[in-house]
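Okay, so here's the structure we're looking at.
The values are calculated or read from the model by the stated rules, or taken from the named source; none is laboratory data. A quick note: this is a predicted structure, and the numbers were derived from the prediction, not measured. Cβ placement follows ideal geometry from the backbone for every residue including glycine, while neighbour counts extend to all protein chains displayed. Each accessible area value is taken on the protein alone, full model and side chains, heavy atoms only, with ligands, DNA and RNA left out. Shrake-Rupley method; radii C 1.70, N 1.55, O 1.52, S 1.80 Å.
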Amino acid sequence: MSPAITRSRRSRTLAGLAAVGMIAGLTTAAPASAGTEQWSPETAPAEKRAVAIGAGGAVSSVDPDATAVGIEVLRRGGTAADAAVATAAALGVTEPYSAGIGGGGFFVHYDAATGEVGTIDGRETAPSAMPRDAFLDPETGQPYPFFPDMVTSGVSVGVPGTPATWEAALREWGTYSLAEALRPATRLARRGFVVDEEFREQTLDNAERFSAITPTAELFLPDGDAPELGSVFRNHDLARTYAELGRHGAGWFYTGEIAGEIADTVRNPPRSGHTDLPVPPGRLSTGDMAAYAIARPEPTRHDYRGYEVVGMAPPSSGGTTVGELLNILERFDTSVMSTEQVLHHYLEASALAYADRARYLGDLAFVEVPVGELLSDDFAAERACELDPRSAADKPVAAGTADGDYDPGCSATGIEVPHRQGEEGLSTTHLSVVDKWGNVVAYTLTIEQTGGSGITVPGRGFLLNNELTDFSHVYDPDDPNRIEGGKRPRSSMSPTIVLRDGEPWLALGSPGGSTIITTVAQTLVNRIDLGMDLPTALAAPRATQRNTVTVSAEAGFRDAHGAALEGYGHRFSTTQEIGAAAAVEILPDGTVQAVAEPHRRGGGAAAVVLPAR
């Protein structure tokens, strides 16, 4: 296999664009010094495209550089897994506040040769010595304020799972070596990308946190300010780290010199002294790094109106909660409903599924999760008894009893679940890939909060996650998401592959914390129940009901549907945006349609190898 990609995306030449008729690559100008330099025509960002149709394979992600990397891998004969890893590595360069080797994620893969779906659980793990009161301020006995105090700490950092995920995916389904897959992102880190408004704003939003950590401030706040709009941001430290990771393999990350550097950084955060943030130290050790292992759980599966929806098992709550939501909705004939009637049912089914998520979901290695029962039609039928087609229930609703003993007479009573404080950051990212052989990847990865823990490993160029804040902050022995050493915190990441007649039809996922589940589910409802094409289904305004008193909705959703749904008793609050999905659909004629967000989070980037003419 030839080495992957000599070019990438925000920085490219017009000649390159003309030569390939689509996404091309970086110029070959000599790299400048570390940091930023001013814009030049050779590094001008190209236009993002939200929809692309064609053949030969497709990639959809939030970022044009990353999408271009994946497309070039596919063009050079790489598989969907090769392209997914290369794309993810590029996202670690251009979207360092959302993803990178300091975090983790969930990888779902359809193998065209066998028809099998496999998964990789690359979720971060808690240090073995993590105490139950890890998030309590010893002076007050109460949880630290979530943002910025709790997030910006060594306590919040789990053992990263991303490098192990990449190596495992390539070994199982790829043809590239890790070094080959990392090469384009390494070049991108050296040559740089053009700073856009989103990157600058995210940096400024986290300036207080970043200035608290010396290496973070040096990298992302040069001269005390965020990189200027239109400047070229380079990360030579990350380029060197990627090069070493490629040479030595993931084992080096977990047992080599860098493992000690990560552990020391967590246990002794390199504070600058320029802020009042406490930045408490964590307990992650080299032993925790060496002990890390990916998991390979069976994917979740359920049928929805003739489609098979395949997702991620716990500690992701995505597969079971998306599945239960759709299974409840399937008890009702949406084909005879108005749009607002369908949306009412979607919101009510969502509240029921989230109640059960809180009651049952945690790490399978520590908690007995009734996955089969949560996805069973009988349980969905019992839960559907609680859905009134004419009126919204008072929230929060009670959880169901997923024990295999279900009442067809709709007389079962629910279980009240106490509210448990826990937070999921919104700054995750997702990519969807299809190759020319029909292999499919849906991969969601994250460092949790925008900017993760805010802690950069000195000299390594990447931020560490704050994933452990996904645990419930106050220990409760009855809570499936309670803090325990070595445990993976519950996640809402929902990488999803949908099959039609046993063949792949759609790959989908999104960032957005606990709204990921409803973003994926609503997109599927739009596509399947409301008959929208994929671009329309993905762009449509969103609302999320997570068993809360009010429905959080985008302004466009309230404008279009709010008045009618308020007639059912729904109460709304407005949020700027929900999710940022990336999807690929295989069309009936065998061509592929890649679809990214047209506007949310600045818009995404969709591309195909051979565009339709």
Check: Which residues, taken from segment 485-503, are open to solvent by 20 Å² or more (accessible area, probe 1.4 Å) and not in a loop (DSSP other than H, G, I, E, B)?
Finding: 500, 503
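Conditions (1) of a type in the set (S, T, N, Q); (2) surrounded by 24 or more Cβ atoms within 10 Å (Cβ to Cβ); (3) farther than 25 Å from residue 461 by Cα, marked per residue:
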residue	(1), (2), (3)
80	no, yes, yes
86	no, yes, no
96	no, yes, no
100	no, yes, no
109	no, yes, yes
115	no, no, yes
122	no, yes, no
131	no, no, yes
Item checked: Inter-residue pairs, beta-carbon under 7 Å, first within 20 Å of residue 56 (Cα to Cα) and in contact (Cβ under 8 Å) with a residue 12 or more places away in the chain and in segment 600-611, second of a type in the set (Ser, Thr, Tyr) and assigned to a strand (DSSP E or B), 6+ apart -> 605/61; 606/60
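Report yes if residue 549 is open to solvent by 40 Å² or more (accessible area, probe 1.4 Å) and in contact (Cβ under 8 Å) with a residue 24 or more places away in the chain, otherwise no.
Values: open to solvent by 40 Å² or more (accessible area, probe 1.4 Å): yes; in contact (Cβ under 8 Å) with a residue 24 or more places away in the chain: yes.
The answer is yes for residue 549.
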Margin query: I need a count of the residues in segment 462-484 that are of a type outside the set (S, T, N, Q), crowded, with 24+ Cβ neighbours inside 10 Å and either out of contact with any Leu (no Cβ under 8 Å at 6 or more places or on another chain) or over 28 Å from residue 580 (Cα atoms) (or both).
Written below: 6
Next item on the list: Take segment 510-539 and flag every residue that is over 12 Å from residue 580 (Cβ atoms), open to solvent by less than 10 Å² (accessible area, probe 1.4 Å) and without any contact (Cβ under 8 Å) to a residue 60 or more places away in the chain.
Entry: 526, 537
Checklist line | Only one of 542, 601, 558, 613 that is modelled with pLDDT of 95 or more and open to solvent by 40 Å² or more (accessible area, probe 1.4 Å) | finding: 558
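Just the residues that are part of a loop (DSSP other than H, G, I, E, B) and either within 16 Å of residue 321 (Cβ to Cβ) or of a type outside the set (Asp, Glu) (or both), please, taken from segment 343-385.
361, 362, 363, 364, 365, 366, 367, 369, 370, 375, 376, 385 - these are the residues of segment 343-385 that are part of a loop (DSSP other than H, G, I, E, B) and either within 16 Å of residue 321 (Cβ to Cβ) or of a type outside the set (Asp, Glu) (or both).
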Next item on the list: From (1) surrounded by fewer than 24 Cβ atoms within 10 Å (Cβ to Cβ); (2) touching a Leu at 6+ places or on another chain (Cβ under 8 Å), pick out the condition that doesn't hold for residue 315.
Entry: (1)
Margin query: Looking at (1) part of a loop (DSSP other than H, G, I, E, B); (2) open to solvent by less than 10 Å² (accessible area, probe 1.4 Å); (3) small (Gly, Ala, Ser), which one does residue 459 not meet, given that it meets all the others?
Written below: (2)
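Please return the ranges of helices (runs of 4 or more DSSP H) entirely within segment 1-118 where 2 or more residues are modelled with pLDDT under 95 and farther than 28 Å from residue 536 by Cβ.
14-20
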Note to self: Only one of 193, 146 is more than 20 Å from residue 83 (Cα to Cα), of a type in the set (Phe, Trp, Tyr), in contact with an Asp or Glu (Cβ under 8 Å, 6 or more places away or on another chain) and touching a residue at least 24 places away in the same chain (Cβ under 8 Å). Can you tell me which?
What the structure shows: 146
Item checked: Pairs where the first residue, in segment 220-232, is over 18 Å from residue 188 (Cβ atoms) and the second is at pLDDT below 95 and surrounded by fewer than 16 Cβ atoms within 10 Å (Cβ to Cβ), C-beta under 7 Å, 6+ apart -> 229/197
Check: Out of the residues in segment 376-391 that are open to solvent by 20 Å² or more (accessible area, probe 1.4 Å) and hydrophobic (A, V, I, L, M, F, W, C), which is farthest from residue 317 (Cα to Cα)?
Finding: 385
